[in-house]
Amino acid sequence: ETGVHGGDLNEEFDKQKTASDNKGKPAEASSQGQTQNQQQSSSPQRKVALYKDVIFNFEGVLKVLFYPGFFLWFDYLNFMAVIICVMALIRQGGIPQINKEYAAKMFKNEFMHNLWYIIPFLFFKEKYSVYYLPFMIHFWIGICEFINLRLRNRFYLKLKPLVKVVEFCREQKAELLRQKVKFELLILFYLIGHAIFGGASIFLVLFYMNFLRIKFMVNDTFKNFIREMDYYVRVFTNQPWVPRFVPALIDKIRTVLGWLVKS
């Protein structure tokens, strides 16, 4: 009897041990499955972060090379600007896609506006040094971010004047973008003057006005600057010493510009 009961006890113990082992295995398998899922999900994220990092580095180097290119390879600056802007769009929004979702996401992107800015000048042979000033302002903002993220080492921190310039420009990013849109507007008057004296095509002026029309509709910085400028023009034209035909002429110009924006 003892042997029989002993065998029964051993069998019961073995069953309980097997049951407890089986309870532990699903939990262990579940934790291993979660770890594998996390690794699998993090792998694409790492790849995306890696290619964005590579693009950011290459983009930063091209922005730096853009400035000496103004003197050394002037004819290739348009091509460099296009490459920089396309890389920035890929870095910020992924591979360009032809759909409404991507267009809505990138419609207000400053690099997208740069590509629109380039288009009018691609159809004409005129190349003006002033035309590249908006690029230089925008790319300088990117260079400051590149220096801050990639070159922030002991040697860089010892260059106190450079550190101050970089930090100041990063803090004044909004103001620098405001200066960029100022130049974009001034270029219109520059082109109009050249067209009057035969140095530029009137079609280039019309193309460029269309660019400004689109930018006014989608860019808040440009819109606020135009409204601010319009306020100062009104204050100026309301001075008693200003001839009466000047406010009338300004009103006509304002009406035409308003029609262009709405059309």
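The values are calculated or read from the model by the stated rules, or taken from the named source; none is laboratory data. Computed from a prediction, not measured in an experiment: that's the story for all the values here. Please note: Cβ atoms are built from the backbone with ideal geometry, for glycine as well, and neighbour counts cover all protein chains shown. Surface accessibility is based on the protein's heavy atoms, side chains included, excluding ligands, DNA and RNA. Shrake-Rupley method; radii C 1.70, N 1.55, O 1.52, S 1.80 Å.
Checking each residue in the range 193-205 for being open to solvent by 50 Å² or more (accessible area, probe 1.4 Å), in a helix (DSSP H, G or I) and free of Cβ contacts under 8 Å to residues at least 12 places away in the same chain picks out ILE196, ILE202. Looking across the range 95-150 at every residue that is basic (Lys, Arg) and part of a helix (DSSP H, G or I), the one that is least open to solvent (accessible area, probe 1.4 Å) is identified as ARG150.
As for the range 174-182, it holds no residue that is modelled with pLDDT under 80 and within 29 Å of SER129 (Cβ to Cβ).
Of the numbered criteria (1) over 14 Å from the mean Cα position of the chain (by Cα); (2) modelled with pLDDT of 85 or more; (3) over 22 Å from THR221 (Cβ atoms), the one GLU101 fails is (2). Exactly one residue out of TYR208, TYR190, TYR156 is at pLDDT below 80, surrounded by 10 or more Cβ atoms within 10 Å (Cβ to Cβ) and in a helix (DSSP H, G or I), and it is TYR156.
Between ARG170, ARG227, the distinction of being open to solvent by 70 Å² or more (accessible area, probe 1.4 Å), among the charged types (D, E, K, R) and under 25 Å from ILE143 (Cα atoms) belongs to ARG170 only.
Per the listing PHE66, PHE70, PHE56, the residue uniquely open to solvent by less than 60 Å² (accessible area, probe 1.4 Å) and at pLDDT below 85 is PHE70. Scanning the range 169-224 for residues that are more than 18 Å from PHE111 (Cα to Cα) and β-branched (Val, Ile, Thr) yields ILE187, ILE192, ILE196, ILE202, VAL205. Against the conditions (1) farther than 29 Å from PHE207 by Cβ; (2) modelled with pLDDT under 80; (3) not polar (S, T, N, Q), LYS125 satisfies every one except (1).
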